[in-house]
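Remarks on the structure that follows.
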Amino acid sequence: MCGIVGYTGHRQAYPVVVKGLKRLEYRGYDSAGVALVTNGTLNVYKKKGKVADMEEYTVGKDLGGSIGIGHTRWATHGEPSDRNAHPHLSNSGEIAMIHNGIIENYAQLKAELLKKGYVFHSDTDTEVLLNFIDDIYKETEGSLEEAVRIALRRVVGAYCILLIHKDDPETIIAARKGSPLVIGIGKGEHFLASDASPIIEYTKEVVYVNDYEIAIVRPDELILKNLGNEKQTPFVQKLDLELAAIEKGGYDHFMLKEIFEQPQTIYDCLRGRLDADAGTITMSGISQYAEQIMHAPRIIILACGTSWHAGLVAEYVIEELCRIPVEVEYASEFRYRNPIINKGDVIIAISQSGETADTLVAIENAKEKGAIILGIVNVVGSSISRASHAGAYTHAGPEIGVASTKAFTGQLAVLIMIAMKLGYEKGTLSKERYLDLCKELASIPDKVKAVLELDDQIKAIAEKYKDATDFLFLGRGYNFPIALEGALKLKEISYIHAEGYPAAEMKHGPIALVDETLPVVFVATKDSYHEKVVSNMQEIKARKGMVISIITEGDTVSPTLSNDVIVLPPADEIVAPLLSTIPLQLLSYYVGIAKGLDVDKPRNLAKSVTVE
Ligand code: G6P
């Protein structure tokens, strides 16, 4: 949700900032802009649309200067437009600022500023905060840093802000609360960004700024302070990320690249943890809390979007293997409803980005009430991973396509391993079945590879159904959340209305939609629910719905009820969701492509939702 870049050093800032914005465009892409200090002039260029539109607009303009800040926006306050794009300029014309987050008490601050004669040129909360800072800066006649510090003590909401002043061609003032900020340390230069992707081609040494910290960044200096003006020691970390991981590598889209990376990413997730021959699962973060989790009266899973679907699969798997009651909650609902958290309850937070505002606040609330927090996160060093007591990374690598694919299968792999490990240690999972599941899980990367070979077939199916106006996705048991995920993926990528439903529940409503124009996707791999699902297929067929079924090799009945079948290799029902989700990812990708849509950046969406 909004990408932020800053540079101060010996290079020309503009190309560094624009390249960084392109890497962060997955975070928001309804407008973009930069501010540069060039020979004592503060130049601001901004445009509605993609970073490329802004770049086109800057052709022939003065782009000099070795300090700059840039922003790619996902609108919260005010429609996407040139005037609402960031950076914003203070009324004095001296300070430029970019912002990721939401200022909740902006109306009150704005009223105060209007009384003082301030004029606003946009509908954004950002411009209010900037002028609030500007006002304090003028009144106190102190430093910009001090004005920022005083202002932020009165601000309610979430922010990551970067400011530059026209008379200071070296200094970027940055601050964060709730929205991420990473600072890359180079030789005589510093890079600031919402995540590490704009930074890695220049340096691997980074500092993750904490909430309530202000950074004063110059080419040769990085000072961190808290809001009480006390210096903090920057904790320098080494990035474990390669440039190739954030480039398309020959694929047309990041989404396709990421779908095809899954044999490797699932393997990477299992590597060093699952040893199928020895029958061991090593997860140090989980082991630390194994006793508490195994004997927890209840596990509550908190997540949003696709991660919430991974949580639903985990509910089925953990209850089955560990016999612990599990509740899966939307973080956005949980955080506002005074939830009951009892002594010993364990919270599992699932998040690709590790920055989703609702999930972050929900776990902070639960932590205050004494719960143990385990984070299942993809982005190393992200806010949720740092706010958790322990957890496990999914190791899927950077996911750039806005719709989650490889991070989802990484989440499933981690959660299944946790359930197997705890179930076995607790004694609710027999040794024989445990060893069997270890082998099943270890075989998944190769089986995913086999499923990806169905690419052409799935592309043809996508072209056949691309003009449908609605889709229904049905599944039961472990495949019910996969049906939900299939529907979400199609909505996100193709803008076709789609509903996911438990196959049997379909009789209580959605069946009314069925006619000869409705494609119904059955996630119907061989499991203990299979015969029931086949009966549901009969019910759809009897009403002339078009059935696309995802089935297991050897199933001879489903094809007789289906218009199209996608046949997967056999797998134990516990690990089957790792396979059955793959064709649904490809289906939505190819429907989106057939409709000529921007699959990596679907309209209105953002990858990292850092506002509630
Ligand atoms: C956004 C993304 C989804 C993602 C969800 C939760 O909506 O577009 O792909 O599933 O946020 O994000 P998280 O990073 O917490 O998994």
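The values are calculated or read from the model by the stated rules, or taken from the named source; none is laboratory data. Everything numeric in this text was worked out from a predicted model, so none of it was measured. Glycine also receives a Cβ, built like all others from the backbone with ideal geometry; neighbour counts cover every protein chain displayed. To get the accessible areas, we keep the full protein, side chains included, count just its heavy atoms, and leave off ligands, DNA and RNA. Shrake-Rupley method; radii C 1.70, N 1.55, O 1.52, S 1.80 Å.
Couplings 3J(HN,Hα) for the range 220-235, derived from phi with the Karplus relation 6.51 cos²θ - 1.76 cosθ + 1.60 (θ = phi - 60°), are 10, 8, 10, 10, 10, 9, 8, 5, x, 6, 8, 5, 10, 8, x, 9 Hz, where x marks Gly and Pro. At a probe radius of 1.4 angstrom, the accessible area of the chain per residue rounds to 37 square angstrom. Amide H to amide H, with H built 1.01 Å from N, CYS2 comes under 5 Å of GLY28, TRP74, counting only residues 5 or more places away or on other chains. With coordinates expressed along the principal axes, the C-alpha atoms belonging to the range 198-268 extend over 48, 24, 19 Å, beginning with the largest. What part of the accessible area of the range 438-506, given as a whole %, is carbon or sulfur when the probe is 1.4 angstrom? Of all accessible area on the range 438-506, carbon and sulfur atoms account for 48 percent.
On the range 119-224, 47 percent of the accessible area sits on carbon and sulfur atoms, based on a 1.4 Å probe. Its Cα gyration tensor gives the range 215-355 an equivalent ellipsoid, and the semi-axes of that ellipsoid, as √(5λ) in whole Å with the largest first, are 32, 27, 18. Our estimate of slack between PHE235 and ASN105, defined as 0.36 nm per intervening residue step minus the Cα-Cα distance, is 43.6 nm. Here LYS532 sits with roughly 120 square angstrom of accessible surface, probe radius 1.4 Å. Beta-bridge orientation, the chain: approximately 60 percent antiparallel, per DSSP, counting only bridges with both partners inside.
Remark: spin-label model distance GLU553-ARG337 equals 4.4 nm, labels positioned 7 Å along the Cα→Cβ axis.
Calculated mean residue ellipticity at 222 nm for the chain: -10500 deg cm²/dmol, from DSSP H runs with n ≥ 4 weighted as -39500 (n - 2.57), summed, divided by the residue count and rounded to 500. Computed over every Cα-Cα pair of the chain and binned at 20 Å starting from 0, the pair-distance distribution P(r) comes out as 20, 49, 27, 4, 0 percent. Sequentially through the range 96-103, phi angles give Karplus couplings (6.51, -1.76, 1.60; θ = phi - 60°) of 10, 9, 10, 8, 10, x, 9, 9 Hz, Gly and Pro residues having no value and appearing as x.
Here the range 308-416 is assigned +1 on the Cβ of each Lys and Arg and -1 on the Cβ of each Asp and Glu. Its dipole about the Cα centre then comes out at about 240 debye.
Peptide packing: for 39-52, 387-400, the average count of neighbouring Cβ atoms within 10 Å per residue gives the ranking 387-400, 39-52, highest mean first.
Entry note, the range 303-354: relative contact order of 52 percent, from Cα contacts under 8 Å with a spacing of 6+ residues.
Phi angles across the range 504-517 convert, under the Karplus curve 6.51 cos²θ - 1.76 cosθ + 1.60 with θ = phi - 60°, into 3J(HN,Hα) values of 6, 5, 3, 5, 9, x, x, 4, 5, 7, 6, 8, 6, 9 Hz, Gly and Pro given as x.
Cα-based radius of gyration for the range 118-251, normalised by 2.2 N^0.38 Å, reads 1.14. If you sort the three axes of the alpha carbon gyration tensor as a ≥ b ≥ c, you get a/c of 1.5 or more for the range 513-610 and a/b no higher than b/c, which makes it oblate. Remark: the range 1-96 carries a charge dipole of roughly 240 debye about the Cα centre, counting +1 on each Lys and Arg Cβ and -1 on each Asp and Glu Cβ. Qualifying trypsin sites (Lys or Arg not before Pro) in the range 70-164, where qualification requires a DSSP coil assignment and no more than 14 other C-beta atoms within 10 Å, comprise LYS116, ARG153, ARG154.
Annotation for the range 441-505: GluC sites (Glu not before Pro) lying in DSSP loop with at most 16 further Cβ atoms inside 10 Å of their Cβ are GLU453.
Among the GluC sites (Glu not before Pro) within the range 113-159, those in coil by DSSP and having at most 11 neighbouring Cβ atoms inside 10 Å are GLU141.
For the range 4-102, the equivalent ellipsoid built from the Cα gyration tensor has semi-axes of 19, 15, 12 Å, listed from largest to smallest. Overall, the range 66-130 carries a charge dipole of about 120 debye about its Cα centre when +1 sits on the Cβ of Lys and Arg and -1 on the Cβ of Asp and Glu, all other atoms neutral. When the alpha-carbon atoms of the range 349-415 are used, the pair Rg, Dmax equals 11.5, 36 angstrom. With contacts taken as Cα pairs under 8 Å and at least 6 residues apart, the range 1-146 reaches a relative contact order of 24 percent.
Mean separation of Cα pairs under 8 Å and 6 or more residues apart, divided by the residue count, gives the chain a relative contact order of 12 percent. What's the center-to-center distance, using Cα atoms, between the range 114-152 and the range 476-531 in Å? When both Cα centres are located, 51 Å separates them.
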